[in-house]
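The structure appears right after this line, and notes come after that.
What follows draws every value from the coordinates through simple rules; no lab data is involved. All of these numbers come straight from a predicted model, not from anything done at the bench. Here the Cβ is made from the backbone with ideal geometry for all residues, glycine too, and neighbour counts use every protein chain on show.
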Amino acid sequence: MMQMTARRSSLSPLVSRMRDRSPGLAASMLGGAVAAGLGLGSSAVLVMMLWVSSPYPDSGPGGALHVAAALWLLAHGVELDRTDTLSGAAMPVGVTPLLLLALPVWLVYRAARDATDASADPDGPPPVPARTAWTGVVLGYLGVGVAAALYCSGGELRPQWSWVTVCLPGVAATAAGAGVWVAYGRPREPVLSALAVLPGVVRRLLFGTDEPARLGAAVRAAGAATAVLLGGGALLVGVSLVWHGGPARASFLELTEGWTGRFAVLLLGIALIPNAAVWAASYALGPGFALGAGHLVHPFASDPAPLLPPFPLLAAVPDPGVGTELNWAAGVVPAVAGMTAGWFVARAAVRRPAAGEAARARWSAGRTASVVLLTAMVCAAVLALLAGLAGGPLGVAALARLGPLWWQTGGAAGAWTLVFALPVALIARLWRLRGRRSQRGGIPAQGAEAGGTATKGTTAAKDARGAKGTTAAKDARGAKDGKGPEGVAGTSGNGAVPSAAAAKALSARAGETGEAAKAPETGKAAPVADGAGAGKAGPGPAGAGASEAGSAAGGAKAEEGDLYDFLPAVDPFPAPLTEPFSGNWHDDVVRASRWAALKNATAPRGTADEAPSAPPGPQPETCPEPHPGPRPEPRSGRGPDSAD
């Protein structure tokens, strides 16, 4: 019993590792075979449905299955030979329906991505190595593909083995590589290593030090330009079909009479819509496409087409003759595609700034131009590949060549992209830089404008207070020889200056209440709220002057407060805690307070609080007392606001 327990305990780690082990080559091969089987099964189901519903079945189920296998191979780009001809000679069939190609590519991509078995859990089992997953999926897919090619080689549609050995492995390897690359998080190293075949001079010119960023920007821009080209081509096809609605409808009805045949023709037309979009894009680019040997169709001229079989999409071909303005208008499509690519490159050339920072250029103008050149090259390669897949032969004589020439279409696409993308990229890059800088500089401009307005209002209020307050103070000093009932506070240089706290309190009290000084009958002093004027005044006309100064100060304070109604309640730039006064540092009150504090600190003991005598000079005329009576006795004692 103990031996069995020990054996189980020794085997449990091995069993756990076997259970948690990621699937390897066998599982990857099984995934590739399943992907190929799903593609074949979809084609077989469609063909069998049409064969069962057809009122004229020419062959049995074996013939339908042969057609299904041949159609699946044709979707991969494999050319077929049609043997049931009147002459007995084999006729090539090489036009690949691009819509049918999408299904095998997607199936292989999903199989390769699932074969890596990458777990989202960090503690999970490691994924299958990329080479193992890719090799297994490709081998499994090719195994089923070769079996399908051998099966349909004895039917009426026979595959050409030269195309089988090129197209079938190419599609499987490309789609499986994309699936594994995505499953591993889109690493940059495989892409950069694939570009190592380019010469060093070309790599430095096109990529430089930041190869991943430039390559990614070029691929995105080329993808956007290709999407615009294909979308514009599909739009041209739709417009031409509407324009030639009568011939298109007649050709659709001439092909077959039963609804099953018409449904098959409709499905075939839908599968060929991407091909027609590529043809129309090549037409807009300028090279056009061929309708048989020696018959070209482009915006400037359209040769008379040979005797073509009736088909709705062929009815959309422009009428024979010299091109008109309507035909030339198709050039708008590649122009818009090039400008779109330029805009995408400009977006990548300017870094997105953080909040409160200026926009910074990622690439210079020369580097941006090199990215545009790389975008044109990628766009040319994509359009050349699509043009090569969208065309092909349907015979040996008049139908020996149908569709655009791949090298002409690719070259034209690269040229259009470079011509229109380069100026748009440079101008948009400059505009984005200036636009972000002006947007960043607009906030201080508003603050400066508001500050300027507030400064003007504050200066006006200060002038009003200073003018009247100073006059009232001079009158009070002239009436009492510089001494009032409660002491005299003169301007800077004319007497003792109140402290900063006292001046702030007087200004706040006069600004908040806006009250005038007491009437002359009371005989009391009237405070004057002035940052640079007198602080106290005696009775008489000086009191009246102080009253006027207080009223002016209160009105100025109210007017100054109105100027700040649009500002936020909380000061966005608070003063430091160590600053004794939150007002203007160069204000007259603050400056006088600093000088007074300095004098008090440096004067000998017993004389620091003594107010200096009034400066010599002509004094203003003494105003008569408004009310006769005994003169009030001065206060005993010494305070911060009193003078000897």
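A few notes on this one:
- Distance in nm between pseudo-label sites at residue 166 and residue 325 (7 Å out along the Cβ direction from Cα): 4.5
- For a modelled paramagnetic label at residue 59, 7 Å from Cα along Cα-to-Cβ, no residue of region 373-397 is in reach, as no backbone nitrogen comes under 16 Å.
- Fully extended contour minus Cα-Cα distance, from residue 270 to residue 352, at 0.36 nm per residue: 25.3 nm
- Label-point separation in nm, residue 30 to residue 335, each point 7 Å along Cα→Cβ: 5.9
- Size of region 65-115: Rg and Dmax of its alpha carbons, in Å, are 14.2, 49.
- FRET efficiency for residue 595 and residue 427, using Cβ-Cβ distance with R0 set to 60 Å, rounded to 0.05: 0.50
- For the pair residue 193 and residue 147, the difference between a 0.36 nm per residue extended length and the Cα-Cα distance amounts to 13.1 nm.
- Computing FRET efficiency as 1/(1 + (r/R0)^6) for residue 85 and residue 415, where r is the C-beta to C-beta distance and R0 is 30 Å, gives about 0.15.
- Average projection area in nm² (convex hull over Cα atoms of region 21-187, one quarter of hull surface): 11.0
- In plain terms, the chain from residue 49 to residue 367 could stretch by 108.8 nm, reckoned as 0.36 nm per residue minus the Cα-Cα distance.
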